[in-house]
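Trainee: Handing you this structure, nothing more for now.
The values are calculated or read from the model by the stated rules, or taken from the named source; none is laboratory data. Keep in mind that this is a model prediction, so the values were computed, not measured. Every residue, glycine as well, gets a Cβ built from its backbone with ideal geometry; the counts of neighbours run over all protein chains shown. When the accessible area is computed, the model is the full protein with side chains, heavy atoms only, and any ligands, DNA or RNA have been set aside. Shrake-Rupley method; radii C 1.70, N 1.55, O 1.52, S 1.80 Å.
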Amino acid sequence: MIETSCATGAVVSGASPEVVKQLRLFGYDIGMAFQMTDDLLDFTAKSFQLGKPVGEDLKHGHKTLPLFYSAEDPEFFDRLQQVNQSSDYATTHTLVREVQRNGTLERSQRTIDRYVNRAIQRLDGLPDVPDKRSLIEIAEYIGKRKW
């Protein structure tokens with residue numbers, strides 16, 4: 001959605017095909033960073049910030065970046081396979097705590113940072129105008145947001 005929005009804005013403004021491509025790729029990278037940040041927040045934010053219980057994505061079977069990284073451990077993967085919507089709090093809480101301690105959150109943040117940095121680099125060829133600065137600020141915010 002963000003990719004399409006960025007590309008559409010460029011097309012509507014009459015930008016060249018190269019600029020449309022740069023902004024489309026910027027939007028792709030920022031969209032990925034946004035979703036991965038959302039995935040990360042399911043393990044790091046407080047329930048009142050998220051508007052849902054921490055670990056809710058896990059319980060509903062949503063495949064998120066921290067879970068992908070954690071599932072590289074076969075034992076974790078086996079326990080993850082047992083989780084479903086009717087799993088009790090203790091089961092999901094144990095897995096959430098493990099994800100919070102096993103280093104995958106830091107690894108996830110590094111992945112987010114790579115997408116944000118690549119998005120910002122995609123803007124290098126564009127003129128230095130206030131709109132470009134705004135896009136950079138948005139990219140930086142998306143990678144560090146707390147809710």
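Trainee: Which number in (1) within 13 Å of the chain's Cα centre (by Cα); (2) modelled with pLDDT under 95 marks the one condition that Val96 misses?
Mentor: (1)
Trainee: Would you point out the residue of the stretch 56-91, among those that are in a loop (DSSP other than H, G, I, E, B) and touching a helix residue (DSSP H, G or I) at 6+ places or on another chain (Cβ under 7 Å), that is farthest from Met32 (Cα to Cα)? Write out each step before concluding.
Mentor: First, the residues of the stretch 56-91 that are in a loop (DSSP other than H, G, I, E, B): 60-64, 71-73, 82-88.
Narrowing further to those that are touching a helix residue (DSSP H, G or I) at 6+ places or on another chain (Cβ under 7 Å): 64, 71, 83, 85, 87.
Values: Thr64: 12, Ala71: 20, Val83: 26, Gln85: 26, Ser87: 29 Å.
Within the stretch 56-91, the match that is farthest from Met32 (Cα to Cα) is Ser87.
Trainee: Which one of the conditions (1) in contact with an Asp or Glu (Cβ under 9 Å, 6 or more places away or on another chain); (2) open to solvent by less than 50 Å² (accessible area, probe 1.4 Å); (3) not aromatic (Phe, Trp, Tyr) does Gly61 fail to meet, given that it meets all the rest?
Mentor: Exception for Gly61: condition (1).
Trainee: Also, I was wondering about something else. Taking Arg79 and the conditions (1) open to solvent by less than 60 Å² (accessible area, probe 1.4 Å); (2) without any contact (Cβ under 8 Å) to a residue 40 or more places away in the chain; (3) touching a Leu at 6+ places or on another chain (Cβ under 8 Å), which numbered condition does it fall short on, given that it satisfies the others?
Mentor: (1)
Trainee: Can you tell which of Leu80, Leu23, Leu58 is more than 17 Å from the chain's Cα centre (by Cα) and at pLDDT below 95? Working first, answer last.
Mentor: Working: Leu23 fails: at pLDDT below 95; Leu58 fails: more than 17 Å from the chain's Cα centre (by Cα).
After ruling out the rest, the residue left standing is Leu80.
Trainee: If you scan the stretch 92-137, which residues turn out to be in contact (Cβ under 8 Å) with a residue 24 or more places away in the chain, farther than 15 Å from Phe34 by Cβ and part of a helix (DSSP H, G or I)?
Mentor: Selection gives Thr92, His93, Leu95, Val96, Glu98, Val99, Gln100, Thr104, Leu105, Arg107, Arg122.
Trainee: Sort through Arg133, Arg107, Arg118 and tell me the only one that's over 20 Å from Gly9 (Cβ atoms), out of contact with any Ser or Thr (no Cβ under 9 Å at 6 or more places or on another chain) and open to solvent by 70 Å² or more (accessible area, probe 1.4 Å). Don't jump to the end; show me each part of the working.
Mentor: Numbers: Arg133 fails: over 20 Å from Gly9 (Cβ atoms); Arg118 fails: over 20 Å from Gly9 (Cβ atoms).
Just a single option satisfies the conditions, and that option is Arg107.
Trainee: Out of Ser86, Ser16, which single residue is more than 26 Å from Tyr141 (Cα to Cα), out of contact with any Ser or Thr (no Cβ under 9 Å at 6 or more places or on another chain) and either of a type in the set (A, V, I, L, M, F, W, C) or open to solvent by less than 60 Å² (accessible area, probe 1.4 Å) (or both)?
Mentor: Working: Ser86 fails: either of a type in the set (A, V, I, L, M, F, W, C) or open to solvent by less than 60 Å² (accessible area, probe 1.4 Å) (or both).
Exactly one of Ser86, Ser16 is more than 26 Å from Tyr141 (Cα to Cα), out of contact with any Ser or Thr (no Cβ under 9 Å at 6 or more places or on another chain) and either of a type in the set (A, V, I, L, M, F, W, C) or open to solvent by less than 60 Å² (accessible area, probe 1.4 Å) (or both), namely Ser16.
Trainee: OK, next. Based on what the data block shows, is Phe34 closer than 30 Å to Pro17 by Cα, among the aromatic types (Phe, Trp, Tyr) and modelled with pLDDT of 90 or more?
Mentor: It is true that Phe34 is closer than 30 Å to Pro17 by Cα, among the aromatic types (Phe, Trp, Tyr) and modelled with pLDDT of 90 or more.
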